[in-house]
Amino acid sequence: AIETGVARKSIDNWEAYRIELMKRMGLYNKLVRDVSVKAKSDPKKIVFADADHFKVLKAVDIVRNEGIAHPVLLGDRTAILKLAEENKIDVEGLPIIDPKEEDQKDRKENYAQMLFEKRMRKGLNKEDACRLMNDRNYFGVMMVEAGEADGFLGGFASKYADTIRPALQIVGSNNTLNHIAGMYIVMTKKGPYFFADTTVNYQPSSRTLADTTLLTVNEVKKFNIEPVVALVSYSNFGSTRQGSPLRVRKAVQYLHENYPNLIVDGEMQANYAFNAELRMKKFPFTKLGSREVNTVIFPSLSSGNIAYKMMQQLGQVEIIGPVLLGIRKPIHVLQMQASVREIVDMASITVVDAQTKDDDIIEL
Ligand code: ACO
């Protein structure tokens, strides 16, 4: 009897789990569908930096067949053609650019000169600029900067820092704060949460935390969602007077003084951020009131990065991102070894970014 009970219970649980999953996937699919429909309405020329890797090539195939983007394959030509043949992926008619080949010499020389002129007063000499053009992240970002492609998607096969550094050096930020940060959208059954900074600034000062909050708020509004922001910490409203809580508190103070209309507060522990009832009981004075928080700013890169990865591994959530905030051109960086689906989703995000981004500096 006990055995039957256990078996029965696990079936019930599975059913409940399946229903929850469907609900959650519905939400996830809606957001992704919106982005991919918008991408297909005006597909852009996107450079895929690691086209000589199977998952990227597979994603390129989907992206092309679904009309999401016009892909440009960057990588080792022999490896791309071999992978395509082995896996029956049709690359006929797709531009393949292999920076090692002789016919790219002039282009590399041209890009190296552009990079040198940009950074000659920042310690870069011409020889180093030429050498960097053999790095496909520099080469690919340069294609966008030179106007030969509309967007860039890299990072599949290189460390995040190595992919984002060329973007920071070549393209830079698009806002008056001169700030760049990374965000993830965490899709839960309660709806989307926006987590930042999860990818860029490893030791944020209070001003960096405030700037990250402003960039994130700006992005959340693009989804037609009113940002309700918690800056989280291991302490609550002054209960610890040093270290990261102090930086968080100063960031909140700065935001309250300079952006009084923003619905933001902290520092607070995560349970008070995510549980409005609990928060109202203990801290009824916050600017958040009884609203549900949807945007979470972390005190450090470690905490933000760990939080979303833990949720991805343990929680019943879907993760979209990383979405690079504040960069001047449509440059996006994948998680290393991202799945085919993640690459396709990020390609859609890059296309939509290319449709909407202009060279104006945003006032924040
Ligand atoms: N916003 C705007 N500009 C920036 C920022 C920023 N957050 N960070 C650096 N810059 C600027 C620098 O001021 C510099 O400007 P310059 O043109 O005057 O030289 C330029 O970008 C290039 O900076 P570098 O000095 O070459 O690079 P830096 O050593 O500052 O490194 C980097 C920048 C690579 C982003 C570094 O901060 C880093 O490694 N961050 C962590 C990345 C990471 O490992 N993330 C976690 C994993 S990601 C994942 O899980 C998907």
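Overview of results
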| item | result |
| --- | --- |
| Choice from 243, 75, 326 showing the highest fluctuation, given a GNM over the chain with Cα pairs closer than 10 Å | 243 |
| Qualifying GluC sites (Glu not before Pro) for segment 72-131 [loop in DSSP, other Cβ within 10 Å: at most 10] | 92 |
| Estimated distance in nm for a label pair at residue 337 and residue 120, the labels positioned 7 Å out from Cα along Cα-to-Cβ | 4.4 |
| In sequence order, calculated HN-Hα J values of segment 55-61 (Karplus, 6.51, -1.76, 1.60; Hz; x Gly/Pro) | 5, 5, 5, 5, 5, 4, 4 |
| Note, ³J(HN,Hα) from phi for segment 320-332, Karplus 6.51, -1.76, 1.60, rounded to Hz, x at Gly and Pro | 10, x, x, 9, 7, 9, x, 8, 6, 10, x, 10, 9 |
| Extension gain from residue 38 to residue 282, taking 0.36 nm per residue of separation minus the Cα-Cα distance | 83.5 nm |
| Contact order normalised by residue count of the chain, Cα under 8 Å, 6+ apart, percent | 22 |
| Summed side-chain charge close to residue 359 - residues other than residue 359 whose Cβ falls under 14 Å, Lys, Arg +1, Asp, Glu -1 | -2 |
| Cleavage-rule hits (chymotrypsin sites (Phe, Trp or Tyr not before Pro)) in segment 274-364: DSSP loop, at most 13 neighbouring Cβ within 10 angstrom | 285 |
| Relative contact order [Cα under 8 Å, 6+ residues apart], segment 128-274, whole percent | 16 |
| Segment residue 113-residue 218, length gained on full extension (0.36 nm per residue, minus Cα span) | 34.3 nm |
| Contour excess over end-to-end distance, with Cα ends at residue 290 and residue 78 and 0.36 nm allotted per residue | 70.4 nm |
| Accessible solvent surface per residue of the chain, calculated while the other protein chains remain in place, 1.4 angstrom probe, Å² | 48 |
| Table column - 3J(HN,Hα) (Hz), segment 44-51, Karplus curve with 6.51, -1.76, 1.60, x for Gly and Pro | 10, 7, 10, 8, 9, 5, 10, 5 |
| Cα pair count fraction exceeding 41 Å, expressed as % - the chain | 19 |
| DSSP-loop trypsin sites (Lys or Arg not before Pro) across segment 30-89, with at most 14 other Cβ within 10 angstrom | 88 |
| Carbon + sulfur, % of accessible area of the chain - ligands and nucleic acids excluded, 1.4 Å | 51 |
| Percent of beta bridges antiparallel (DSSP, segment 172-313, rounded to nearest 5) | 40 |
| Charge sum, other residues only, whose C-beta stays under 10 Å from residue 134's C-beta, Lys/Arg counted +1 and Asp/Glu -1 | +3 |
| Distance between modelled label sites at residue 128 and residue 103, nm, 7 Å Cα→Cβ extension | 3.3 |
| Prolate/oblate/rounded label for segment 25-118 (Cα gyration tensor, a/c 1.5) | oblate |
| Rounded, prolate or oblate (a/c below 1.5 giving rounded, otherwise prolate when a/b exceeds b/c) for segment 280-364 by Cα gyration tensor | oblate |
| Candidate lysines - alpha carbon under 20 Å from residue 40, same-chain residues fewer than 8 apart omitted | 30, 58, 222, 329, 357 |
| Net charge, residue 328 excluded, C-beta distance under 12 Å - Lys, Arg +1, Asp, Glu -1 | -3 |
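The values are calculated or read from the model by the stated rules, or taken from the named source; none is laboratory data. Just so you know, these numbers come straight off a predicted model, no measurement behind them. Here the Cβ is made from the backbone with ideal geometry for all residues, glycine too, and neighbour counts use every protein chain on show. Accessible surface is based on the protein model in full, side chains and every heavy atom, while ligands, DNA and RNA are left aside. Shrake-Rupley method; radii C 1.70, N 1.55, O 1.52, S 1.80 Å.
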